[in-house]
Amino acid sequence: MDTGFIDLDILLTRIRHPQSKVYFLDAVKAYKAGALRGALTSAWVALVYDLIAKYRELSAIGDAAATGFLQSWDNATTTGDIPKLLQLEGSILEDATSNTQVVNRIARTHLDRLREDRHLCAHPAFSAEADLFEPSPELVRLHLVNAVDLVLSQEPLQGKAIFDLYDVDVQSPGFPTTHERILDYVEQRYLARVRAQNVRNFGTVLAKSLLKGVPPQWEPLHRKIIPSLVAVRDRAAHAWADVSLAIVRLVDGLEPPNRPRAIAFIAAFPDFWPRLQEPTRTALQATIENAGPAAAIDYRILAGVTVPQFRAALLTLVTGLTRQQLADAIASQPLADLWPKAVGEYQGSGSWRGSETNFSDLITPFAGRLSNQQLDQVLDAVISNGQNWDAAETDTLLLGLLRNATPADQPTPEARNRFYQHVYRMRRTDKYEDVLTFLQSDGWVLPPPEQAVDD
C-alpha cells in the first residue's frame, strides 16, 4: 500500500471511539505542521487509549482477561502508581496479542515498530547521543495508517474468552431454545465479534462436544449445541471449510464407544457422510445393525433414522422396542419416526392409570411438534378406547397438548366432529367442556348431536 495516497482526514473518519479520534487528531495536526516526532508520540498515545477502550467493551461482556488487565490499570491510576502504569503501557501489545487477542501477531509486528519509534522520539536516551532521531514523513505516515487500520478502526473482537463466555451462556436460562433464534443469537453474540481463527476453534470445540461428550457439562445440551454449530456453518462460511476438515478427522478417529454420537451427528449434518473413510462408514452401519432391543440401547443412534444408509435398520429397531424402551427413546429425543408406535401404544392402553401414564410418557413429549393429522390420531385414540376417554386426567392432558399446537396444526373438523359425537353419546361433554371450548376457538362449530346411548 502506498500510504502517500491516503488522506489523513478521511483516515480520521474510520476511527470508532470518539475520544481515540480526539487523541489521534493531535497526531494528524502535528504531522501536517511538520512536528514528526510529536506526531509519532501522539499516535502511540491514541493507540494505547484505544486499546484500553476496547478492553472496557470486552470487559462489559464478560472477558476475564480484559477485566484483569483493567483492574491493574485502574488501581494504578487511582493510586497514582506511575511505574506500574508505565509497565502496563509497555506490556499492552503483548497482552492484546496473547491474552485478549484484540491484536493479531502480524499487526503486533507493525505496532511494535511504532512503539520503538515512539520511544526514539520521546526519549532521547534511546538513541545515540549525537544522533537525534529524525523520522521521515513517509515513516510517520505509515505508522499513522497502521495505527488506524490495525487497531483504531477495528471492532474489539473476542479471543480466547469466547469459550468461557459460551460455556456459561449455553447453560443459562437466557440462551435461546428455538433453532432460528439460536442461529441469530450465536451469530450476533459470538461469530460477529470473534476473529476468524477463533471462529474455527469455536466450531471445532462444538463438534468435539457432540462427538466426544466434552466438556461434560454440555452433554445434556445437544439441542443447543447442534444449532450453534449450524450457525458456524451458515453464518461464518469463511471458517467452515477448516472446521469441516477438523470434524472429518474427528469422526474418522473416534473410539468405538463414541460411534452412537457420530451417528447422531451425521443425522444433523448428513453432508459429512460421503467425506468419511470407508472403514468409518462400515463401522457406523454395523453399530446400528448389531444393536437390538435386548441390548442396552444408546438411543442417540435413533436420530440416524433420517439418514438413508441407516434408515431401514433403525426402523426395524424401533419396531422391536418395548414400551419402556419406547418411552426412554422418546424422552431422549421425540423423533417423528417414533410417533406411529407411540400413538399406537397409547391407543391400546389397558387401564385408566396406564392410559394417563402412556399419554404423559408417549404423547406429551411431542407437544408443539404434531401436525393436524397426528392430532387427529390422538383424538381418535382417545375415543377408541374406554380406558382412554374415561381416564380421569385425559381431558387435562389433551387440553395441554392442543394448546401447544399452532393454529394451522389443530385437528381437522372431521376429527373434531367424531370426538364430539363420541363424548356426547357417552355423556362426557361436561368432562371435556374445556377441550370442546378450545376446539371452538378457531371457528369450528359443534355439529348436531347424535343420540346418546343409555347407561
Legend entry - Whichever residue in the stretch 418-441 is at pLDDT 95 or above and of a type in the set (D, E, K, R) and, among such residues, is most open to solvent (accessible area, probe 1.4 Å): Asp430
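Tell me which residues, restricted to the stretch 234-264, are closer than 16 Å to Leu191 by Cα and either crowded, with 18+ Cβ neighbours inside 10 Å or among the β-branched types (Val, Ile, Thr) (or both). Working first, answer last.
Filtering the stretch 234-264 down to residues closer than 16 Å to Leu191 by Cα leaves 234-243.
Arg235, Ala236, Ala239, Trp240, Val243, listed by residue number.
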Legend entry - Cβ pairs under 6 Å, 6+ apart, first in the stretch 51-69 and at positive phi, second open to solvent by less than 30 Å² (accessible area, probe 1.4 Å) and modelled with pLDDT under 85: Gly62/Leu165
Inset, instruction - Among the residues of the stretch 13-49, count how many are touching a residue at least 40 places away in the same chain (Cβ under 8 Å) and of a type in the set (A, V, I, L, M, F, W, C). - result: 12
Inset, instruction - Check Ile225, Ile297 and return the single one that is buried (at least 17 other Cβ atoms within 10 Å of the Cβ), out of contact with any helix residue (DSSP H, G or I) (no Cβ under 6 Å at 6 or more places or on another chain) and within 29 Å of Ala327 (Cα to Cα). - result: Ile297
Inset, instruction - Check the stretch 137-160 and report whether any residue there is among the aliphatic types (A, V, I, L, M), over 30 Å from Arg14 (Cα atoms) and free of Cβ contacts under 8 Å to residues at least 60 places away in the same chain. - result: no
Legend entry - Extreme residue, surrounded by the fewest Cβ atoms within 10 Å (Cβ to Cβ), among residues of the stretch 280-294 that are in contact (Cβ under 8 Å) with a residue 12 or more places away in the chain and not in a loop (DSSP other than H, G, I, E, B): Glu289
Inset, instruction - Run down Gln373, Gln387 and say which single residue is over 33 Å from the mean Cα position of the chain (by Cα) and either aromatic (Phe, Trp, Tyr) or within 21 Å of Pro340 (Cβ to Cβ) (or both). - result: Gln387
Inset, instruction - List the number of the failed condition for Lys54; all other conditions in (1) closer than 15 Å to Ala122 by Cα; (2) crowded, with 18+ Cβ neighbours inside 10 Å; (3) not hydroxyl-bearing (Ser, Thr, Tyr) hold. - result: (1)
Inset, instruction - Say whether the condition of being buried (at least 21 other Cβ atoms within 10 Å of the Cβ) and either of a type in the set (Asp, Glu) or touching a strand residue (DSSP E or B) at 6+ places or on another chain (Cβ under 9 Å) (or both) is met by at least one residue in the stretch 127-144. - result: no
Inset, instruction - Among the numbered conditions (1) over 38 Å from the mean Cα position of the chain (by Cα); (2) assigned to a helix (DSSP H, G or I); (3) at pLDDT below 90, tell me where Ala130 comes up short. - result: (2)
Inset, instruction - Provide a single number: the residues in the stretch 180-205 that are open to solvent by less than 20 Å² (accessible area, probe 1.4 Å) and under 9 Å from the mean Cα position of the chain (by Cα). - result: 4
Inset, instruction - Those residues that are more than 19 Å from Val151 (Cα to Cα), touching a helix residue (DSSP H, G or I) at 6+ places or on another chain (Cβ under 6 Å) and either among the charged types (D, E, K, R) or open to solvent by 40 Å² or more (accessible area, probe 1.4 Å) (or both), I need them from the stretch 73-114; list them, please. - result: Trp73, Lys84
Legend entry - Number of positions in the stretch 136-179 that are acidic (Asp, Glu) and either more than 30 Å from Ile225 (Cβ to Cβ) or modelled with pLDDT of 95 or more (or both): 2
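When the stretch 334-352 is examined, which residues are found to be outside any helix (DSSP H, G or I) and either at positive phi or of a type in the set (A, V, I, L, M, F, W, C) (or both)?
In the first step, residues of the stretch 334-352 are kept if they are outside any helix (DSSP H, G or I); the result is 334-335, 348-351.
If the condition is that a residue be outside any helix (DSSP H, G or I) and either at positive phi or of a type in the set (A, V, I, L, M, F, W, C) (or both), then Leu335 is the only one that fits.
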Inset, instruction - Tell me, please, whether a residue that is at pLDDT below 95, of a type in the set (Asp, Glu) and within 30 Å of Ser360 (Cα to Cα) can be found in the stretch 270-292. - result: no
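Give the residues of the stretch 310-322 that are closer than 18 Å to Phe272 by Cα and either buried (at least 18 other Cβ atoms within 10 Å of the Cβ) or modelled with pLDDT under 95 (or both), sorted by residue number. Talk me through it step by step, then tell me what you get.
Applying the first criterion (closer than 18 Å to Phe272 by Cα) to the stretch 310-322 yields 310-311.
If the condition is that a residue be closer than 18 Å to Phe272 by Cα and either buried (at least 18 other Cβ atoms within 10 Å of the Cβ) or modelled with pLDDT under 95 (or both), then Phe310 is the only one that fits.
Confirm whether Gln171 is touching a residue at least 24 places away in the same chain (Cβ under 8 Å) and either open to solvent by 30 Å² or more (accessible area, probe 1.4 Å) or among the acidic types (Asp, Glu) (or both). Show your work before the answer.
Numbers: touching a residue at least 24 places away in the same chain (Cβ under 8 Å): yes; either open to solvent by 30 Å² or more (accessible area, probe 1.4 Å) or among the acidic types (Asp, Glu) (or both): yes.
Yes, satisfied.
Sort out which residues of the stretch 405-445 are closer than 18 Å to Asn372 by Cα and either outside any helix (DSSP H, G or I) or hydroxyl-bearing (Ser, Thr, Tyr) (or both), and write them in order of number.
Just the residues of the stretch 405-445 that are closer than 18 Å to Asn372 by Cα, to begin with: 405-420, 435-445.
Ala405, Thr406, Gln410, Pro411, Thr412, Tyr420, Thr437, Ser441, Gly443, Trp444, Val445 - these are the residues of the stretch 405-445 that are closer than 18 Å to Asn372 by Cα and either outside any helix (DSSP H, G or I) or hydroxyl-bearing (Ser, Thr, Tyr) (or both).
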Inset, instruction - Return the only residue of Thr394, Thr364 being among the hydroxyl-bearing types (Ser, Thr, Tyr) and either surrounded by fewer than 18 Cβ atoms within 10 Å (Cβ to Cβ) or without any contact (Cβ under 8 Å) to a residue 24 or more places away in the chain (or both). - result: Thr364
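For the stretch 13-44, how many residues meet the condition of being in a helix (DSSP H, G or I) and crowded, with 18+ Cβ neighbours inside 10 Å?
From the stretch 13-44, those in a helix (DSSP H, G or I) are 13, 18-32, 36-44; that's our starting set.
The next check asks that each one be crowded, with 18+ Cβ neighbours inside 10 Å; those that pass are 20-21, 23-24, 27-28, 30-31, 36-44.
Qualifying residue count, the stretch 13-44: 17.
The values are calculated or read from the model by the stated rules, or taken from the named source; none is laboratory data. For clarity, every value in this text was computed on a predicted model and none was experimentally measured. Cβ: placed from backbone, ideal geometry, glycine included. Neighbour counts: every protein chain shown. Side chains included, ligands, DNA and RNA excluded: accessible areas come from the protein's heavy atoms. Shrake-Rupley method; radii C 1.70, N 1.55, O 1.52, S 1.80 Å.
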